[in-house]
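The values are calculated or read from the model by the stated rules, or taken from the named source; none is laboratory data. Since the model is a prediction, treat every value here as computed from it, not as a measurement. Neighbour counts run over all protein chains shown; Cβ positions are idealised from the backbone, glycine included. Keep in mind that these areas ignore ligands, DNA and RNA; they rest on the heavy atoms of the full protein, side chains included. Shrake-Rupley method; radii C 1.70, N 1.55, O 1.52, S 1.80 Å.
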Amino acid sequence: MRCSWFYKGTTDARYVPYSEAVAEKLEEEYKHGILTGEWHRRLVLPSGELVVMHGPSVMVHFLQTSAADAFASSPRLSHRKRVYRSPTTNYMNANQKCNDHLVLFVHGVGHNRYENKNQTTTRPRVVRRGAAESEIEDTEPGHVDHLLLLCHGVGSACDMRFRPVEEVVDDFRATSLQLIQSHYKNSYESGAVSRIEVLPISWHSTLHSGENGVDKRLAQVTLDSIPRLRNFTNDTVLDVLFYTSPVYCQTIIDTVCKELNRIYSLFKSRNPSFNGGVSLGGHSLGSVILYDLLCHQKPMGNPCSDKKHVSGAAGTGQHTVSYPALDFAPDALYALGSPIAIFECIRGVELLGSGFCLPTCKKFFNIFHPYDPIAYRIEPLIDPQLKNVKPFQIPHHKGRKRMHLELKDTMARVGADIKQKLIESIRSTWSSMWKTQPPNDRQLEKVVEEEMEKEQLAEENKEETVDDTTEVTKEMLGKLNDGCRVDYVLQEAPFEMINEYLFAMSSHVGYWESEDTMLLMLREVYCARGVPPDNCLPQPTMTMERTRIENVNVIGTDYPSTSRGGI
């Protein structure tokens, strides 16, 4: 929406914006032509391609296959792009006239040469200055209440569809607006609240590419066998090992801090009236990076107490890293599927203690899915007594528990189906491995029932160890989240309880599409502003407009802030 220069895609009719750097050069060239009347000049882009402005409404983009002159006979011109400019600034005099639409037939010297020598036709291009306002959808309010910066975890892909952080953040932003319009409908319509801006923070490409990137070194030592699996490992899992190295940890920390300051400064420059707060969010390893960065900021008030280590005060090389300073003090840190606790254990931290906190950040939320294999609890590191206290369960965004009451009437049938499938699996495995006749069904059924009873007994014993009657006090929770609960667990979906191992990996990357996670953040943001959620029925036509369309029909419930609901 801020772009001023566009070109028409060669394969579809979409408007593709130029980068800001290219747009500035095009604007300078356009202004030069308007003020001096000098046109037909060639502007060489950083990619080696050319843009020729024949007039204020006649502009052509040439895609070259070489860096030579585009009008010479040696290079091949593979395509031409149609260039558009959004006329935010008018350099023309009052007596000058500008055509709104023009059909332009462009030809170069000779024919347009393609890889196919038989195809030597030159196509006419329709060029138009400026994009019609109706072509840019105004889908969100202009005013921003709060800024949320989200840092990705290992790898360049963030979910099961292998989308980068920029795309999953778009979903998160759209989800936040939909929840505001449903749970804060009255405040939204009255103008008391507007929206939350969610922007991505990326560090993966800086670590892996460029002169100091690790991809070149990894390529020298990587085996040629199973290339896809090895490339996946190099791109994702090894990021954890690189972060434990002081050399590459410094690169990652510097990149994240620099990007946080850059995005914050850019956002402030483009939103000079913004007076809201800023929060940070990190997924997986990204939460560890933000946590370490915030731990080493200079305190604004009383310093936080030191951690208690098993031996000494040094961790696994982290003391050799120089941590830069942030240009702002965040209101909260949201850790999604975070291994912070296990990193602290590896570094030799025995206890964080009730006096531990983030010097410049008062709030900290450790949000996780119950089946996430990468997530760990933080509260037992603050006070060992909290080990036997369940994490606070995040309310469902539809105003009800997501627990599986609808399955209670059919659990007998579900249990019988599971038992039968286990029997069939055992019979098949027995025949294939031992090449003998398996035991009869009655014997197999008896074995399966005994194992299921053992599993059920183990679950019951596990639940008995959790003491729900323990009173959680602010003294036990300490300063990390300003005396409030730190661990927050999402509610699993009904189908996920069938096999928690099957949904383990999807649960680790499912936070980007979690309405419950975003609603927790919204409650914290607007509770600090004194704006409670509505206690009314939203419009029945409201839908979650993300990558997929879902029926929401949200029933708002007047829950207090979830960070205070557990005590």
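A few points about this structure:
- Residues that are touching a residue at least 60 places away in the same chain (Cβ under 8 Å), within 16 Å of VAL256 (Cβ to Cβ) and not aromatic (Phe, Trp, Tyr) within region 191-239 comprise LEU199, ILE201, ASP239, listed in sequence order.
- Residue check for VAL169: in contact with a strand residue (DSSP E or B) (Cβ under 9 Å, 6 or more places away or on another chain), in a loop (DSSP other than H, G, I, E, B), β-branched (Val, Ile, Thr) and modelled with pLDDT of 50 or more: no
- All positions within region 141-166 that are of a type in the set (Asp, Glu) and either at pLDDT below 90 or out of contact with any Ser or Thr (no Cβ under 6 Å at 6 or more places or on another chain) (or both): ASP159, GLU166
- In this structure, GLY130 does satisfy being out of contact with any Gly (no Cβ under 6 Å at 6 or more places or on another chain), at pLDDT below 75, surrounded by 14 or more Cβ atoms within 10 Å (Cβ to Cβ) and on the phi > 0 side of the Ramachandran plot.
- Residue that is most open to solvent (accessible area, probe 1.4 Å) [pool: residues in region 190-210 that are β-branched (Val, Ile, Thr) and outside any loop (DSSP other than H, G, I, E, B)]: THR206
- Any hit, region 56-72, residues being within 28 Å of GLY142 (Cα to Cα), at pLDDT 60 or above, in contact with a helix residue (DSSP H, G or I) (Cβ under 7 Å, 6 or more places away or on another chain) and surrounded by 15 or more Cβ atoms within 10 Å (Cβ to Cβ): no
- Some residue of region 514-526 being at pLDDT below 90 and in a helix (DSSP H, G or I): no
- Pairs, first at positive phi in region 381-410, second open to solvent by 30 Å² or more (accessible area, probe 1.4 Å) and modelled with pLDDT under 90, C-beta under 7 Å, six or more apart: GLY399/ILE555; GLY399/THR557
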